[in-house]
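Everything on this sheet refers to the single structure shown next.
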Amino acid sequence: MQLSTQTCPCQINPSSNVISAPLLYSDCCQPYHDGICDKEANEEANEETDKAKGTKADSAERLMRSRYSAFVLVKPEYIVQTTLPAQQKLLDIQAIESWAKETDWAGLEIVAHTPKLGKRHAQVEFKAYFNIPDGLQAHHELSAFVQMKSKANNDARWYFLDSTVEMNISQKQPCICGSGEKFKRCCGVYLG
Ligand SMILES: [Zn+2]
Ligand SMILES: [Zn+2]
């Protein structure tokens, strides 16, 4: 069976017994993935224009869902490209890939979405389910996201703030998201 006609991984929620019509991958996360992952040939291209391409997530929850599906479908490049640009080079794409492959993913539950936190942040609380020999487990996380505007065309895009990445940045420095605010008053609040 073709991937695009299967239920999108982010639509599977093992904690819910509500019968709904789950979206197909082609109607859910695929347009986001294709926008970023089909550009391997363009890797040499200018990064700024590269990021402006593809379908962009219009909310942190949408981005969160597409990132979960990218883990299930082993698209580590999507995980990297949707992380804050200043953190991208610090990510271990090989480790992301092997973790994605080795995990027996079982579904996603969005617990809460706070679409607006201050001027440019949002939070998504979720449970990512996976199976181990002992049974179903959940990875419960509260993730922060930041919306960045491209200087070129005022195009705003959401990015994941990875709090596990070690960054050498002082609290008084301008924020790594380019907002112009001090780090401690901006993304530093969520990267502790
Ligand atoms: Zn999806
Ligand atoms: Zn910031």
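The values are calculated or read from the model by the stated rules, or taken from the named source; none is laboratory data. The structure presented is a predicted model; accordingly, all values stated were derived computationally and were not measured. When we count neighbours, we look across all protein chains shown, and the Cβ atoms used for this are built from the backbone with ideal geometry, even at glycine. Quick note on the areas: whole protein, heavy atoms, side chains included, nothing else; ligands and nucleic acids left out. Shrake-Rupley method; radii C 1.70, N 1.55, O 1.52, S 1.80 Å.
Quick notes on this structure:
Rundown of residues vs (1) within 23 Å of Gln147 (Cα to Cα); (2) at pLDDT 95 or above; (3) over 10 Å from the mean Cα position of the chain (by Cα), yes/no style:
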position	(1), (2), (3)
Ala57	yes, no, no
Leu63	yes, yes, no
Thr83	yes, yes, no
Gln94	no, yes, yes
Lys101	no, yes, yes
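- Some residue of segment 39-46 being touching a helix residue (DSSP H, G or I) at 6+ places or on another chain (Cβ under 9 Å), open to solvent by less than 50 Å² (accessible area, probe 1.4 Å) and either modelled with pLDDT of 95 or more or assigned to a helix (DSSP H, G or I) (or both): no
- Glu97 falls short on exactly one of the conditions (1) without any contact (Cβ under 8 Å) to a residue 24 or more places away in the chain; (2) within 26 Å of Pro9 (Cα to Cα); (3) surrounded by fewer than 14 Cβ atoms within 10 Å (Cβ to Cβ), and that condition is (3).
- Qualifying residues in segment 164-186 (those that are over 27 Å from Ala95 (Cβ atoms) and touching a Pro at 6+ places or on another chain (Cβ under 8 Å)) - the one nearest to ligand 2 (Cβ to nearest atom): Glu181
- The condition of being modelled with pLDDT of 95 or more and in contact with a Pro (Cβ under 6 Å, 6 or more places away or on another chain) holds for only one of Ala138, Ala122, that being Ala122.
- Selection over segment 102-120 of residues that are away from ligand 2 (no atom under 16 Å from the Cβ) and charged (D, E, K, R) gives a count of 3.
- Scanning segment 125-162 for residues that are within 17 Å of Phe71 (Cβ to Cβ) and among the polar types (S, T, N, Q) gives Asn131, Gln137, Ser143.
- Members of segment 61-89 found to be open to solvent by 40 Å² or more (accessible area, probe 1.4 Å), near ligand 1 (Cβ under 10 Å from one of its atoms) and of a type in the set (D, E, K, R), listed by number: Arg65
- Output for segment 89-112, where each listed residue is assigned to a helix (DSSP H, G or I) and hydrophobic (A, V, I, L, M, F, W, C): Ile93, Ala95, Ile96, Trp99, Ala100
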